Amino acid sequence: MLKIYDKLLQFPLFQGMSHNELMQVVTHTKMGFVKWAAGKSIVSEGDSCTHLYFLINGSLEAETMADDHSYYVREQLSAPYILQPERLFGIRQRYTSSFRAETPCHFITIDKQEVLLLLETQLVFRINLLNLLATEIQRLGHHPWQSATQTLRAALIRFFIQHTLRPAGAKTFHILMTRLGQEMRCTRQEISRELNQMQAESLLVLHRGRIEIPMLERLLM
């Protein structure tokens, strides 16, 4: 029981709860405890979102595809992490990314009916979920109002950041330079020149049709 208590406190949805409140959650909420072996698929893009998945141990690989399937991004995500909680409600209650276990992964799962019960009975949980959703809405709503980038590098960095689930850690962009040039509204040659300069600075590694970024946060330094 104490171990579950400690694990839940890692997640923002439970932070701020008193000991008694959290013990009430642990005692009265139906939770699943699931383990996935390395390499196993957890959820796929388009799957219905019926549960909250709390990654408590291990690391994931997330894959997010462009609408026209012309490029996709893979990124590594480590515990603690919640799989797209904003997809549990709203007009499209389906995952927009696919998640695969990169190492053996352990999850606590809570289905939607239990989440609704927590929202009804636990004020702190309700406020935390509202804050999480409001923060995501505000972040996305700010994108169109950001100042225009002054350099190609700044535009590339913004593109990389806006196409990830978490703006930190290792990312791999499977995208052709021609397609990236279309996104940046510049030529393939300009894209190639800037990316090669970034590679010379050890910020990323170029392959045919693939850009590996070891630490996305380094691009912001």
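The values are calculated or read from the model by the stated rules, or taken from the named source; none is laboratory data. Fair warning: this is a prediction, and the values are worked out from it, not measured in the lab. No Cβ is skipped: glycine too gets one built from the backbone with ideal geometry, and neighbour counts run over all protein chains shown. Side chains are part of the model used for accessible areas, which takes the heavy atoms of the whole protein and leaves out ligands, DNA and RNA. Shrake-Rupley method; radii C 1.70, N 1.55, O 1.52, S 1.80 Å.
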Notebook entry, point to check: What number of residues in the stretch 124-146 are surrounded by 11 or more Cβ atoms within 10 Å (Cβ to Cβ) and within 20 Å of residue 14 (Cα to Cα)?
Noted result: 12
Item checked: Matching residues, the stretch 192-211, being open to solvent by less than 60 Å² (accessible area, probe 1.4 Å) and either of a type in the set (Asp, Glu) or farther than 15 Å from residue 73 by Cα (or both) -> 192, 194, 195, 198, 203
Check: Pick from 103, 96, 109: which is β-branched (Val, Ile, Thr), in a strand (DSSP E or B) and open to solvent by less than 70 Å² (accessible area, probe 1.4 Å)?
Finding: 109
Margin query: Between a residue in the stretch 157-178 that is within 23 Å of residue 80 (Cβ to Cβ) and any residue that is part of a loop (DSSP other than H, G, I, E, B), which pairs come within a Cβ distance under 6 Å, given they are 6 or more apart or on different chains?
Written below: 161/167; 170/214; 171/164
Next item on the list: Output the residues belonging to the stretch 180-209 that are farther than 20 Å from residue 161 by Cβ and of a type in the set (A, V, I, L, M, F, W, C).
Entry: 200
Notebook entry, point to check: Across the stretch 147-173, what is the number of residues that are surrounded by fewer than 17 Cβ atoms within 10 Å (Cβ to Cβ) and not aliphatic (A, V, I, L, M)?
Noted result: 10
Checklist line | Filter result (in contact with a strand residue (DSSP E or B) (Cβ under 9 Å, 6 or more places away or on another chain) and over 28 Å from residue 212 (Cβ atoms)) within the stretch 86-98 | finding: 88, 93, 94
